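For reference, the structure is listed below as structure tokens.
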Amino acid sequence: MHTIANVGIPMLMVHMPVLLIALLPVVYVETWWIERRSNKPEFKLMLPVFIANLVSTLVGVPLTWLALVAIQLASSGGGRLRNPIYEVTLQSPWLIPDEKNLDWKVPIAALVLCPVFFAISALIECRILRTPLRNVGIERSSRIVWTANAITYALIAAFWLATLAFALK
């Protein structure tokens, strides 16, 4: 960790393993939710929901993170700031080196990124699931998919909150 900490922490490298480990449980929960709200059989939803989540995780999240890093660099978010909470929030895509405080900064940065990753994931998944959910209409299917993503991202955020609570003990 020492070598990485000298250049900072690209939070994609921290967040992505969590998203990949959570992928199958997320697919299960989202399929369960969508099946109950759309009256589509679970066996017809599992593969499209898996594909939608795979694309949002492997394409949407990394591209969003790259855009956030570009915004961070353009807004001079790469230097030290006086307020550590403001610093970790502004620098959430790529934390600057600070080995003494990484235990609490990493989960806070991940929590800051969660709403952005949630929004891009929901947008991508709505688009991909539009065809399998055509029987419920675009507006209703969008609400269903956004809610399914809200549920699973709330669980991911709960993981980061637990990580933060453990770090602050």
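Here are some notes:
- When segment 27-53 is filtered for residues that are free of Cβ contacts under 8 Å to residues at least 60 places away in the same chain and under 15 Å from LEU123 (Cβ atoms), nothing remains.
- First in segment 74-102 and among the charged types (D, E, K, R), second anywhere and modelled with pLDDT of 80 or more and surrounded by 14 or more Cβ atoms within 10 Å (Cβ to Cβ), Cβ under 8 Å, 6 or more apart: ARG80/GLU87; ARG80/ILE96; GLU87/ILE96; ASP98/LYS105
- Residues in segment 127-169 that are hydroxyl-bearing (Ser, Thr, Tyr) and in a helix (DSSP H, G or I): SER141, SER142, THR147, THR152, TYR153, THR163.
- Flag: LEU111 matches the condition of being hydrophobic (A, V, I, L, M, F, W, C) and surrounded by fewer than 21 Cβ atoms within 10 Å (Cβ to Cβ).
- Among the residues of segment 14-73, not one is within 12 Å of the chain's Cα centre (by Cα), of a type in the set (S, T, N, Q) and more than 20 Å from ALA157 (Cβ to Cβ).
- Here the condition is being modelled with pLDDT under 95, in contact with an Asp or Glu (Cβ under 6 Å, 6 or more places away or on another chain) and not acidic (Asp, Glu); of LEU81, LEU102, LEU95, LEU73, it holds for LEU81 alone.
- Residue list for segment 92-130, restricted to those being closer than 28 Å to THR147 by Cα and of a type in the set (S, T, N, Q): SER92, SER121
The values are calculated or read from the model by the stated rules, or taken from the named source; none is laboratory data. Everything numeric in this text was worked out from a predicted model, so none of it was measured. We place every Cβ from the backbone using ideal geometry, glycine too, and count neighbours over all the protein chains shown.
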